[in-house]
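Okay, so here's the structure we're looking at.
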Amino acid sequence: MPPHRALVPVDQITAVIHVIRGHRVMLDMDLAVLYGVTTKRLNEQVKRNRSRFPIDFMFQLTRQEATNLKSQFATSSLAWGGRRKLPHAFTEHGAVMLASVLNSPLAVKASIQVVRAFVQLRGILAAHAELVRKLHPLERKYDARFRAVSTRYVNSWSRPPQKSGSALASGPARRPRVRSAAPPAAADATAPVRASPRWASRRPPRSDRSPARS
């Protein structure tokens, strides 16, 4: 691959960093693409300089680990095709050591990008951990409030019903019906006339009467 090839952006390198056995690592096939060599040549150089790659720099995946990665990243470079050997995983220090072993200008420049990707990933994880640390007290605070409210709500619905004589048990009180006053009845001409009281039929005094005949 020509040495003037453009470097892969850091964000793309971060996407191919995996966590295996509690370590953040990159696989040999991904590093081979970044460093401009074939995976076969990369592993040949590692084999020739095996003493430079202790267990905390590089390790080989087990069959189960390789199967798990394939199931999680089926569309990435983990579709190994007819590859028979299990891939190697390199930590951040192992990736830098690998660039020095390959000893090519492109590998040296790409290794700087790899280190930046690991640093960026550590910053993201640290920020996430800080956010989680701040959210935990809030979760405990509001969880306690939610439990208190939910307990009151459940208790209000689990109370036994009131007695039948109470207003709550018998439902809302009914409003008494107000009957409209009937209109006054019309005077009946056939109804008997009530007699006037006795004092109303008294005659006026003698002085008001007409003079008596002689």
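Here the range 23-49 is scanned for amide nitrogen atoms under 12 Å from the site 7 Å beyond the Cα of Arg122 along Cα-to-Cβ, giving 24. For the range 10-125, a simple Cβ point-charge model (Lys and Arg +1, Asp and Glu -1, everything else neutral) yields a dipole of about 380 debye relative to the Cα centre. Among Leu61, Leu98, sorting on how many other beta-carbon atoms sit within 10 Å of each Cβ, with the fewest leading, yields Leu61, Leu98.
Of the peptides 88-96, 32-40, 12-20, the ranking by mean beta-carbon count within 10 Å, highest at the top, reads 88-96, 32-40, 12-20. Once the Cα-Cα distance is subtracted from the 0.36 nm per residue extended length, the Gln45 to Asn68 segment shows a gain of 5.6 nm.
Using only the Cα atoms of the range 10-125, build the gyration tensor, take square roots of its eigenvalues as a ≥ b ≥ c, and label the shape rounded, prolate or oblate: rounded if a/c is under 1.5, else prolate if a/b is larger than b/c, else oblate. Rounded shape, in that the Cα axes give a/c under 1.5. Amide H contacts of Ile20: Val25, each under 5 Å away and 5 or more positions distant or on a separate chain (H built 1.01 Å from N in the peptide plane; Pro and chain starts excluded).
Here the residues Asp30, Asp11, ranked from fewest to most Cβ neighbours within 10 Å of their Cβ, fall in the order Asp11, Asp30.
Full extension of the chain between Arg84 and Gln113 gives 7.5 nm of extra length, using 0.36 nm per residue less the Cα-Cα distance.
None of the figures in this text is laboratory data; all of them are computed from the coordinates on show. Fair warning: this is a prediction, and the values are worked out from it, not measured in the lab. We place every Cβ from the backbone using ideal geometry, glycine too, and count neighbours over all the protein chains shown.
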